[in-house]
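One structure below.
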Amino acid sequence: MITCGVEIKGSEIILCLLKKEDGLFQIPDCRRVRHALTHSDDASEVRKFQFTLKKLFEDYKVNHVVIRERPTKGKFAGGAVGFKIEAAVQLIDTVTVELMNNATLKEIIKQNPLPVDFADTGLKGFQEGAFNVAYASLSRR
């Protein structure tokens, strides 16, 4: 089972694929880990964005997506484009989608510390949030 961790920043989605097999975590390569929704006011662009993600999930046999939830109010609240991205992912019918808030994420990682430093994973620094949410989701199962 391959899980895709997702972090949404502004008008961009950041992905990290993670797999757990026999208690060991594996990080499959992914052809593209950043996708931007530039023209969010155009419905055809949102559909194209969604199609691109759906195709990526199918190609890598992703069956579970976990999105790091963003606050709706306050200083760190997500913007309108970010929520469109979130909705586009949630409406992909070939994967199950889960939202994980920061409190849950921190609690799971506290109970299941990362087995390696993030720097040793070989991932890009900007993928850390997506990696953490995928790791937390797989750790609690």
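The values are calculated or read from the model by the stated rules, or taken from the named source; none is laboratory data. Note that this is a predicted model, so its numbers are computed, not measured. Cβ atoms come from the backbone with ideal geometry, glycine included; neighbour counts cover every protein chain shown.
The C-beta contact set for region 31-55 (first residue under 20 Å from Gly79 (Cα atoms), second residue of a type in the set (Ser, Thr, Tyr) and in a helix (DSSP H, G or I), distance under 9 angstrom, 6+ apart or interchain) comprises His35/Thr52.
Checked against (1) assigned to a helix (DSSP H, G or I); (2) farther than 25 Å from Asp29 by Cβ; (3) not polar (S, T, N, Q), Ala119 meets all criteria but (2). Those strands (runs of 3 or more DSSP E) of region 1-105 in which at least 1 residues are among the β-branched types (Val, Ile, Thr) and modelled with pLDDT of 95 or more, considering only elements entirely within it, cover 2-9, 12-21, 62-68, 96-100.
Report yes if Ala88 is small (Gly, Ala, Ser), buried (at least 17 other Cβ atoms within 10 Å of the Cβ), at negative phi and out of contact with any Asp or Glu (no Cβ under 9 Å at 6 or more places or on another chain), otherwise no. Give the derivation first.
Details: small (Gly, Ala, Ser): yes; buried (at least 17 other Cβ atoms within 10 Å of the Cβ): yes; at negative phi: yes; out of contact with any Asp or Glu (no Cβ under 9 Å at 6 or more places or on another chain): yes.
Judged against the criteria, Ala88 is a match.
Considering only region 91-120, state which residues are under 17 Å from Gly23 (Cα atoms) and either polar (S, T, N, Q) or surrounded by 13 or more Cβ atoms within 10 Å (Cβ to Cβ) (or both). Correct list: Ile108, Ile109, Gln111, Asn112, Leu114. When Glu128 is tested against (1) within 23 Å of Gly10 (Cβ to Cβ); (2) in contact (Cβ under 8 Å) with a residue 24 or more places away in the chain; (3) touching a helix residue (DSSP H, G or I) at 6+ places or on another chain (Cβ under 8 Å), exactly one condition is not met: (2). Please enumerate the residues belonging to region 1-15 that are buried (at least 21 other Cβ atoms within 10 Å of the Cβ) and under 14 Å from Ser139 (Cβ atoms). Scanning region 1-15 gives Thr3, Gly5. For region 26-47, a residue qualifies if it is surrounded by 15 or more Cβ atoms within 10 Å (Cβ to Cβ) and farther than 19 Å from Glu86 by Cβ, and the qualifying residues are Ile27, Cys30.
Take Asp42 and decide whether it is within 18 Å of Ser11 (Cα to Cα), out of contact with any strand residue (DSSP E or B) (no Cβ under 6 Å at 6 or more places or on another chain) and of a type in the set (Asp, Glu). Spell out the reasoning first.
Working: within 18 Å of Ser11 (Cα to Cα): yes; out of contact with any strand residue (DSSP E or B) (no Cβ under 6 Å at 6 or more places or on another chain): yes; of a type in the set (Asp, Glu): yes.
Against the criterion (within 18 Å of Ser11 (Cα to Cα), out of contact with any strand residue (DSSP E or B) (no Cβ under 6 Å at 6 or more places or on another chain) and of a type in the set (Asp, Glu)), Asp42 qualifies.
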